[in-house]
Amino acid sequence: MTAAPASPTPAFPAPRRAGESNAPTPSPERLWPSLSKQPPKPRPPEGADLFGEWVRGSIARWRAAHTGDRDRAARICRRSDELEAFSIAAFADAVERAREHAILHRRDPAALDEAFALGRETVRRTLGFKLHPEQVMGALAMARGCVAEMATGEGKTVTAILPAAWLAWRGRGVHVMTVNDYLADRDAITTEPAYRLLGVTVGALRDKQERDQRARMYARGVTYGAEKQFIFDLLRDRTHTPLRATTGTLVLDQLTGEASIDGGVAGWSKLVVQRGHFAAIVDEADSILIDEAVTPAILGEDAESPAAEHYNLAAEIAGTLERNRDYDVDTRRRRCHLTDAGRERLTRLAERLPPFWSGPRRREELAVRAVEAVELYTRDDDYVVREGKIVIVDRSTGRLLEGRQWQLGVHQAVEAKERLEITADRRTVARLSYQRFFQRYPFLAGMTGTAKEVAHELWREYRTPVVRVPTHKPISRTHGPDRVFTSERAKLEAVADRAAEIHAARRPVLIGTRSVETSEALASLLQDRGTPCRVLNAHRETEEAEIIEKAGEAGAVTVATNMAGRGTDIKLTDETRALGGLFVIATERHDEARVDRQLFGRAGRQGDPGHAEAYVAATDCVIERFAIPPLTAIVRTLPPALRHLPARALWWQAQKTAAARHAVARRQTTRYDAWGELAMHHETR
């Protein structure tokens, strides 16, 4: 970010924590705009329509990339520079005039240009720096409903102020979503002074907020939050509303206050917290719109399930079964199944167990779940144990998914394996795919550093073309060749040696790992070498801000899971820039190359120097699950000097296969929703 030249800048009120207010709870009238027009429910394309969508998406991306945004951004910047001479009162008048013009003539390009010029000057007055022309280009792309691909470090957070304020002026509410609560809270606090000067209120969603408080946050002009906050608030709202909520049912609820015949509870209009879905701007769009869309969001409640003793018995039985004799494990599909010998053994064991185990199908299902808990669900990789509870770890972000549970008895089987108290099974109350949720927004835009690989899918599912925005400064990050090993231990030892070597030169090092377990093991190896390090993983979420703040200092060594891969800004000092910048080491390639690029993007931001390397092994998860076995065998048998080219082909094939399978899973989720609606012929939650 370029510092603004010294100029007399007026004093503004100190920024408060976003969303702090004692404003009254919003009235039910806030629901009128959203209920007056129901969101469409597009069906997923099939057959030849898929090719047609590919053609349409290609044309849309070409047109979005050839709109002359460079010249337009330059004009906006010149106009913004003229506004620097405006007094506080004159600037406030200009904002009010631009706001009125935007409401009355929202399709007028001149209205948008003036609003963005005012927004750019607002950022300078409140945050102390000017937006670059490239950031204005990204804002223009988002204002057209595109996903702006901006390189890491280009300042996407402040770029979003311009389109968010422009949309918020219409009074319908804008939802700005990011991948976790930490980033949402940080962004809301950072940007609130700029929004305030533009006449826009800001709220932030957090866990454990009361219903009235959440309703007040949604009543603000711009609401920040993790995507899970928005989608689960919608699911909770749907448990109160009628199956087909309309303006008519809203009027009846306000007049009578009685429960409706189609499922709405009495006074439902005062219970819902969201006021509709007008516009959404999604940060890290590929992570939220693509990676998170593999599984639907499910709201559950306690349901009848086998007693805890049966899950514990199943865990004991799983300990007596032998792999490849009593059961087989398919690591590629993450499934287990009993062999004939295993079924016979289970039958004999059931003769001495309670009558509940007499049913063949029931006992086999419990036994398989217990075996899967042992073979497929790994502590400090898939989950952690916190305060006697199983907490799922999101592999794509490395963060904890508080309150989430695996379905179909898997969660209880893992609890039994860890000898914890067995929680009640969950019954689905409301369900919604991420695709269906975001299709509810008439206006949808996004920003990310890694979108080109999924540009077609973003168009097909959400009608959002991807626009690549040039960087403000050339990227000076260098990349070393991948180092390939045959075992996990040899790889980690080499990573520790390399980190110790770089640390000796006082250059900051960031080591990215895929799991909590690997991060702890690597930290131990570094300690053995006398290299101090800080560890950032799901066990240390509360220390995140402090660790990231110091990760760019001289001599800093940070070992982190994917928590440090998105949205984190590691700031260098003058000393560390002179030493060559941040040195990033990846200890494993992920299922998709986009995630690798996010980690490497922590270095070389805004023209800073940096370097990135990857250390990989033939036993890595992506290889074991998705690689072609003969090619894997070749890489393992070749001497180190000859491994490089075959290894590149192996990892390329494995990542392509993984990406294709994940895309198929997302398509199946979308089809499930569409098929369910067609099959049931009526509304469901």
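Counting only helices (runs of 4 or more DSSP H) wholly contained in the stretch 452-540, the ones carrying 3 or more residues that are in contact with a Leu (Cβ under 7 Å, 6 or more places away or on another chain) and assigned by TED's automatic domain parsing to the domain that holds Asn562 occupy 488-504, 516-528. I'd like to know if the stretch 415-422 contains one or more residues that are acidic (Asp, Glu) and within 30 Å of Leu599 (Cα to Cα). Checked against the condition, which is being acidic (Asp, Glu) and within 30 Å of Leu599 (Cα to Cα), the stretch 415-422 yields no hits at all.
Is at least one residue of the stretch 554-565 modelled with pLDDT of 90 or more and part of a helix (DSSP H, G or I)? No, the stretch 554-565 has no match at all. Listed by position, the helices (runs of 4 or more DSSP H) contained in the stretch 27-94 that have at least 1 residues being modelled with pLDDT of 90 or more, crowded, with 16+ Cβ neighbours inside 10 Å and assigned by TED's automatic domain parsing to the domain that holds Glu457 are 69-82.
For Val466, the requirement of being in contact with a Cys (Cβ under 8 Å, 6 or more places away or on another chain) and in contact (Cβ under 8 Å) with a residue 24 or more places away in the chain is met. Restricting attention to the stretch 361-376, does a residue exist that is in contact (Cβ under 8 Å) with a residue 12 or more places away in the chain and assigned to a loop (DSSP other than H, G, I, E, B)? Yes: one or more hits. Taken over the stretch 437-456, the residue count meeting the criterion of being at pLDDT 90 or above and either closer than 21 Å to Arg589 by Cβ or aliphatic (A, V, I, L, M) (or both) is 6. Each residue in the stretch 484-531 was checked for being free of Cβ contacts under 8 Å to residues at least 60 places away in the same chain and either in contact with a Gly (Cβ under 8 Å, 6 or more places away or on another chain) or under 20 Å from Leu599 (Cα atoms) (or both), and 6 of them qualify.
One residue stands out in the stretch 329-378 among those that are over 23 Å from Glu624 (Cα atoms), buried (at least 20 other Cβ atoms within 10 Å of the Cβ) and among the small types (Gly, Ala, Ser): the one that is nearest to the chain's Cα centre (by Cα), namely Ala367. Outside the structural domain of Val484 (by TED's automatic domain parsing) and among the hydroxyl-bearing types (Ser, Thr, Tyr): is that true of Thr568 in this structure? The answer is no for Thr568. Among residues of the stretch 201-213 that are assigned by TED's automatic domain parsing to the domain that holds Arg275 and over 10 Å from Gly225 (Cβ atoms), those with a beta-carbon under 6 Å from a residue that is surrounded by 18 or more Cβ atoms within 10 Å (Cβ to Cβ) and not hydrophobic (A, V, I, L, M, F, W, C) at least six positions away or on a different chain give the pairs Thr201/Arg220; Thr201/Gly221; Val202/Glu192; Val202/Tyr195; Val202/Arg220.
When you check Thr561 against the structure, is it under 25 Å from Arg386 (Cβ atoms), touching a Lys or Arg at 6+ places or on another chain (Cβ under 8 Å) and of a type in the set (Ser, Thr, Tyr), yes or no? Taking the combined requirement at face value, the residue satisfies it.
Does Ala445 qualify as being assigned by TED's automatic domain parsing to the domain that holds Ile231 and under 28 Å from Asp237 (Cα atoms)? It is true that Ala445 is assigned by TED's automatic domain parsing to the domain that holds Ile231 and under 28 Å from Asp237 (Cα atoms). Applying the set (1) surrounded by 18 or more Cβ atoms within 10 Å (Cβ to Cβ); (2) of a type outside the set (Val, Ile, Thr); (3) closer than 19 Å to Met177 by Cα to Pro442 leaves exactly one unmet item: (1).
Every residue, every condition in (1) touching a Leu at 6+ places or on another chain (Cβ under 8 Å); (2) part of a loop (DSSP other than H, G, I, E, B), yes or no:
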{"position": "Ala115", "(1), (2)": "yes, no"}
{"position": "Gly119", "(1), (2)": "yes, no"}
{"position": "Thr122", "(1), (2)": "yes, no"}
{"position": "Thr126", "(1), (2)": "yes, no"}
{"position": "Gly138", "(1), (2)": "no, no"}
{"position": "Ala141", "(1), (2)": "no, no"}
{"position": "Gly153", "(1), (2)": "no, yes"}
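When the stretch 116-149 is limited to residues that are surrounded by fewer than 24 Cβ atoms within 10 Å (Cβ to Cβ) and of a type in the set (Gly, Ala, Ser), the one that is farthest from Val467 (Cα to Cα) turns out to be Gly128.
The values are calculated or read from the model by the stated rules, or taken from the named source; none is laboratory data. Note that the structure is predicted; figures quoted are calculated from it, not measured. Glycine gets a Cβ as well: all are built from the backbone with ideal geometry, and neighbour counts include every protein chain shown.
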